[in-house]
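Participant: The structure is given below, and queries will be raised subsequently.
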Amino acid sequence: MPHTLLARTFLLISLLMVVAVGIWAALFGLATREPKARHLAQLTTSVVNLTHAALVAAAPERRRALLFELSEREGIRLLPAEPEDVIEPLPASAFHERYRAETHRRLGDGTRLAAAVNGEPGLWASFLLDGDAEDRYWVMLPPEHAERVFPWHWLGWGLASLALALFVAWLIVSRVTRPLRALAGAARELGRGRRPAALAVEGAEELRQLAGAFNQMTEDLARIEAERAEVLAGISHDLRTPLARLRLEAELSVADEDARAAMAADVEQIDAIIAQFLDYARADAEEAPAPTSPAALLDEIAARYARRGQPVVVPDATAAPVPLRPQAIRRALANLVDNARKYAGGEIELRATAADGMLQLEVLDRGPGIPEAEIERMKRPFTRLENARTDAGGTGLGLAIVERVARLHDGRFTLAARAGGGLAATLSIPLAPDAAAR
């Protein structure tokens, strides 16, 4: 069975129509077979009776001329029956069975019927002259009387009607399923974290109600998302102000340099946690895609970390512009680099390659890695490992942010063990322009 509702519904309707046309054709054949058989039996009876009467009434010397005239004018042949005649019976079809029964009813069961006598095809019927069993004759009607001409013109009209019905059925089914396809596409967009365009409220009442309910749900979700972002922004503002005062007071009032540095580190950690919550709550879908050079993007990120004294290696990368949401990609790669810097240390590499229609953005480290059984769980929000990659002060949102950015670009985010040890975090994005622009 096809997978789509459109194809399944159209297939079922088509099968129903074909079966209906087949039944109609069968009924048409049955309706024409009965009258045709009766008409042919009546014609045979008339020919036999007239020929018999003509032979009986005609003088013996006039019979030959009479037979010749019947053959020339009416196509009727008359032959005396011989014991050695080779007889081919009528076909065993429903039409010929009905014809045989009707002819026997009219002429009697002693009448013999044949499709050919001595190799000559036709519609043959026997009769007795003067009731003498030894004086039997064959009378033959032209074979075209027994032919059933197929009504090709009716078939043409039937096929034309079937084609028109199937076309109209396709239009009806496609009109019903079009809003459902639009709804499925909008639901996919909503699942990727985007706000889809409002669905057209049209069609049947049930479809109008469905589209209206979905549009209302989309608006409610957008409002909730905006309210959440506004609340988090307010929390960030309200928290960062006292944090700034704490940092200033620590610098001015704490004499112990070690204590002052520890307090400043705590304040920075709290600030980083707030920033990560904001990153996770930020509506990246509002950012418009723009042609972006992956090589320039990686160089920019590497330069930012180099200024902090945290060098990142960037081998040769593809420079061809790709439609991306650059701010979202920067945020995702920064989370991956910070993750590698915290838990792996050592050399960190950023790579960008294009192959098989995909842009691969990779962050590689030589740390302890992540167990394969834990990889999918680590992509969920507020999830951390209880091992060497655990940061008790983190929020567990870094990888969840990267996963969200990947879905936003119709791509995927994968974590895998790196050859030679370490972790390979890969952000795969389709290179097709419309994939990132939707």
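Participant: What residue, among those in the range 214-223 that are surrounded by 12 or more Cβ atoms within 10 Å (Cβ to Cβ) and free of Cβ contacts under 8 Å to residues at least 12 places away in the same chain, is nearest to the chain's Cα centre (by Cα)?
Facilitator: MET217
Participant: Is at least one residue of the range 66-78 under 24 Å from GLY29 (Cα atoms), modelled with pLDDT of 75 or more and not in a loop (DSSP other than H, G, I, E, B)?
Facilitator: At the first step, the residues of the range 66-78 found to be under 24 Å from GLY29 (Cα atoms) are none.
No, because not a single residue in the range 66-78 is under 24 Å from GLY29 (Cα atoms), modelled with pLDDT of 75 or more and not in a loop (DSSP other than H, G, I, E, B).
Participant: Please find, among ALA250, ALA255, the residue that is farther than 30 Å from SER14 by Cβ, outside any helix (DSSP H, G or I) and not assigned by TED's automatic domain parsing to the domain that holds LEU11.
Facilitator: Going through ALA250, ALA255 in turn, just one is farther than 30 Å from SER14 by Cβ, outside any helix (DSSP H, G or I) and not assigned by TED's automatic domain parsing to the domain that holds LEU11: ALA255.
Participant: Further question on the same structure: Inside the range 327-347, can you point out the residues that are among the small types (Gly, Ala, Ser) and either farther than 14 Å from GLY369 by Cβ or not assigned by TED's automatic domain parsing to the domain that holds ASP365 (or both)?
Facilitator: Within the range 327-347, the first condition is being among the small types (Gly, Ala, Ser), and the residues that meet it are 328, 332, 334, 340, 344-346.
Once the filter is applied, which keeps residues that are among the small types (Gly, Ala, Ser) and either farther than 14 Å from GLY369 by Cβ or not assigned by TED's automatic domain parsing to the domain that holds ASP365 (or both), the range 327-347 yields ALA328, ALA332, ALA334.
Participant: Would you call THR241 of a type in the set (S, T, N, Q), in a helix (DSSP H, G or I) and free of Cβ contacts under 8 Å to residues at least 24 places away in the same chain?
Facilitator: yes
Participant: Which residues, taken from the range 189-212, are assigned to a helix (DSSP H, G or I) and exposed (fewer than 13 other Cβ atoms within 10 Å of the Cβ)? Step through it out loud before you land on a result.
Facilitator: To start, the set of residues in the range 189-212 that are assigned to a helix (DSSP H, G or I) comprises 189-191, 205-212.
GLY191, GLU205, GLU206, GLN209, listed by residue number.
Participant: I'd like the residue in the range 93-126 that is hydrophobic (A, V, I, L, M, F, W, C) and modelled with pLDDT under 85 and, out of all such residues, is surrounded by the most Cβ atoms within 10 Å (Cβ to Cβ).
Facilitator: Just the residues of the range 93-126 that are hydrophobic (A, V, I, L, M, F, W, C), to begin with: 94-95, 101, 107, 113-117, 123-125.
Now narrow it down to the ones that are modelled with pLDDT under 85: 94-95.
Values: ALA94: 13, PHE95: 18.
Only one residue tops the list, namely PHE95.
Participant: Determine which single condition GLY309 fails, assuming it passes every other condition in (1) of a type outside the set (A, V, I, L, M); (2) touching a helix residue (DSSP H, G or I) at 6+ places or on another chain (Cβ under 6 Å); (3) surrounded by fewer than 18 Cβ atoms within 10 Å (Cβ to Cβ).
Facilitator: Going through (1) of a type outside the set (A, V, I, L, M); (2) touching a helix residue (DSSP H, G or I) at 6+ places or on another chain (Cβ under 6 Å); (3) surrounded by fewer than 18 Cβ atoms within 10 Å (Cβ to Cβ) one by one, GLY309 breaks only (2).
Participant: Condition (residue is under 19 Å from GLU144 (Cα atoms), assigned by TED's automatic domain parsing to the domain that holds THR45, touching a Leu at 6+ places or on another chain (Cβ under 7 Å) and not in a helix (DSSP H, G or I)) applied to the range 99-106: is it met by at least one residue?
Facilitator: Within the range 99-106, none of the residues are under 19 Å from GLU144 (Cα atoms), assigned by TED's automatic domain parsing to the domain that holds THR45, touching a Leu at 6+ places or on another chain (Cβ under 7 Å) and not in a helix (DSSP H, G or I).
Participant: Taking the condition exposed (fewer than 15 other Cβ atoms within 10 Å of the Cβ) and either of a type outside the set (Gly, Ala, Ser) or assigned to a helix (DSSP H, G or I) (or both), does LEU40 pass?
Facilitator: Numbers: exposed (fewer than 15 other Cβ atoms within 10 Å of the Cβ): no; either of a type outside the set (Gly, Ala, Ser) or assigned to a helix (DSSP H, G or I) (or both): yes.
No, not satisfied.
Participant: Still on this model: Consider ALA169 carefully, then state whether it is crowded, with 17+ Cβ neighbours inside 10 Å, farther than 19 Å from HIS52 by Cβ and either modelled with pLDDT under 80 or touching an Asp or Glu at 6+ places or on another chain (Cβ under 6 Å) (or both).
Facilitator: No.
Participant: Determine which single condition ALA226 fails, assuming it passes every other condition in (1) part of a helix (DSSP H, G or I); (2) without any contact (Cβ under 8 Å) to a residue 12 or more places away in the chain; (3) of a type in the set (Gly, Ala, Ser).
Facilitator: It is condition (2) that ALA226 fails.
Participant: Select from the range 327-353 the residues that are in contact with a Pro (Cβ under 9 Å, 6 or more places away or on another chain) and modelled with pLDDT of 85 or more and list them in ascending order.
Facilitator: ILE329, ILE348, GLU349, LEU350, ARG351, ALA352, THR353
Participant: Restricting to the range 393-423, count the residues that are out of contact with any strand residue (DSSP E or B) (no Cβ under 9 Å at 6 or more places or on another chain) and either over 14 Å from MET378 (Cα atoms) or in a strand (DSSP E or B) (or both).
Facilitator: Total satisfying the criteria: 5.
The values are calculated or read from the model by the stated rules, or taken from the named source; none is laboratory data. Just so it is clear, the structure is predicted and the values come from calculations on it, not from any experiment. Please note: Cβ atoms are built from the backbone with ideal geometry, for glycine as well, and neighbour counts cover all protein chains shown.
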